[in-house]
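Everything on this sheet refers to the single structure shown next.
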Amino acid sequence: MVYQPAAGARDLLPLDVAQKRWIEDRLQQVFHRWGYHRIITSTLERMDTLMAGEAIQRHKVIQLQNGQDEELGLRPELTASIARTVVTRMAEATYPQRLYYNANVFRRNWEKRHNQQQEYYQAGVELLGADGLLANAEVLLLVAICLEAVDLLGWQLILGEAGITKSLLDAFPANIRSEVRNAIANLDRVTLDTLPLSEELHQRARIMLDLRGKSADVLQKVSSLNLDADQQAAVNNLKSLIELLESEGKFSLILDLSLIQTIDYYTGIVFEVVSDTEGQALVLGRGGRYDRLLGLYHPQGQNIPGIGFELSIDDLYQVLASS
């Protein structure tokens with residue numbers, strides 16, 4: 001019998017390791033220069049930690065059980081584990097906390113695709129206890145510096161705002177709001193047109209689907225949706241961030257207010273790093289602001305603002321190797 005890795009698993013041979021380490025070392029140097037300190041959390045977590053208040057769907061987690069019948073799982077991402085660690089193990093810490101990680105994550109092949117990968121390598125940061133324009137700009141600028149450090153060219157930043165998008169969805173009936181959300185997230189115009197909505201709401205859904213492109217054009221479109229005071233304030237904050245980022249000259253930026261992440265704990269800006277390789281868009285990393293996540297784990301339920309990002313070591317290597 002020839003023994004092979006389990007389905008979705010793989011071995012890294014010495015050349016693979018050397019290439020992976022080169023990327024990780026370059027990123028780590030940037031994290032250190034920016035004052036971020038490494039944190040290592042447990043690969044194995046309780047399911048209630050991993051699901052982050054239902055923000056992460058159970059069927060996407062590789063689940064395990066121990067002898068005490070606890071529900072355990074392998075982490076599908078690092079942010080929830082770091083949030084749990086900081087509020088329970090670093091209670092005396094002063095903020096802001098700048099933390100980075102370099103670790104493997106596991107995602108269940110719930111679509112049952114043949115040999116689909118289930119173990120991935122990521123590096124990323126979490127900036128905790130800081131909010132506002134400067135904290136958002138710091139994390140996004142750090143993304144750009146990281147990609148410069150690994151000599152990546154031709155990438156774009158797709159920038160959204162989860163708070164604005166969620167508040168715009170509140171206009172839709174509660175019983176089909178999730179269907180509208182999924183259709184917009186998947187850019188599915190056909191499904192949107194078949195949903196039982198009034199003509200006014202159909203028009204609103206079409207506008208939301210088209211809130212993607214040059215920042216000035218998108219901000220003008222969203223302003224046509226009769227925003228309330230909170231929504232307008234969020235749009236103004238987003239405009240200020242975009243102006244600051246564009247002044248740095250490091251970004252090819254697309255504003256996308258239809259951007260909806262599959263992980264549902266984001267409360268403010270969300271973003272993706274995308275590389276166009278041989279005509280195919282590949283997401284190299286993603287992140288965003290999550291100002292209510294730490295409160296889920298805090299003993300007194302205290303909310304502490306946070307923002308972070310992760311970069312896929314696997315996908316970075318794939319793009320760099322093909323360039």
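The values are calculated or read from the model by the stated rules, or taken from the named source; none is laboratory data. In this text, all values refer to a predicted model and were calculated from it rather than measured experimentally. Cβ atoms come from the backbone with ideal geometry, glycine included; neighbour counts cover every protein chain shown. The protein model used for the area step is the full one, side chains on, heavy atoms only, and it has no ligands, DNA or RNA in it. Shrake-Rupley method; radii C 1.70, N 1.55, O 1.52, S 1.80 Å.
Worth pointing out:
- Taken over region 191-239, the residue count meeting the criterion of being among the small types (Gly, Ala, Ser), within 15 Å of Leu255 (Cβ to Cβ) and touching a helix residue (DSSP H, G or I) at 6+ places or on another chain (Cβ under 6 Å) is 2.
- Residues of region 225-263 satisfying the condition of being under 26 Å from Ala171 (Cα atoms), open to solvent by 70 Å² or more (accessible area, probe 1.4 Å) and at pLDDT 85 or above: Asp228, Ala229, Asp230, Asn236, Asn237, Lys239
- Qualifying residue in region 226-233 (condition: within 18 Å of the chain's Cα centre (by Cα) and either at negative phi or among the hydroxyl-bearing types (Ser, Thr, Tyr) (or both)): no
- Residue, farthest from the chain's Cα centre (by Cα), within region 234-262, restricted to residues that are over 18 Å from Lys221 (Cβ atoms) and assigned to a loop (DSSP other than H, G, I, E, B): Gly249
- Failed criterion for Ala130 (all others in (1) assigned to a loop (DSSP other than H, G, I, E, B); (2) more than 27 Å from Ala229 (Cβ to Cβ); (3) open to solvent by less than 30 Å² (accessible area, probe 1.4 Å) hold): (2)
- In summary, helices (runs of 4 or more DSSP H) completely within region 147-205 and bearing 1 or more residues that are within 22 Å of Leu282 (Cα to Cα) and in contact (Cβ under 8 Å) with a residue 40 or more places away in the chain occur at 162-169, 177-185.
- Residue check for Val283: free of Cβ contacts under 8 Å to residues at least 40 places away in the same chain and on the phi < 0 side of the Ramachandran plot: yes
- Among the numbered conditions (1) over 15 Å from Ser167 (Cβ atoms); (2) surrounded by fewer than 12 Cβ atoms within 10 Å (Cβ to Cβ), the only one that Gly213 does not meet is (2).
- Residue under evaluation Gln116, criteria (1) more than 20 Å from the chain's Cα centre (by Cα); (2) in contact (Cβ under 8 Å) with a residue 60 or more places away in the chain; (3) surrounded by 19 or more Cβ atoms within 10 Å (Cβ to Cβ), criterion not met: (3)
- Entry remark, region 72-86: residues being open to solvent by 10 Å² or more (accessible area, probe 1.4 Å) and within 13 Å of Leu294 (Cα to Cα) number 3 in total.
- Scanning region 162-189 for residues that are within 30 Å of Leu320 (Cα to Cα) and either at pLDDT 95 or above or out of contact with any Lys or Arg (no Cβ under 9 Å at 6 or more places or on another chain) (or both) yields Ala185, Asn186.
- For Ala183, the stated conditions hold: it is closer than 27 Å to Leu293 by Cβ and surrounded by 14 or more Cβ atoms within 10 Å (Cβ to Cβ).
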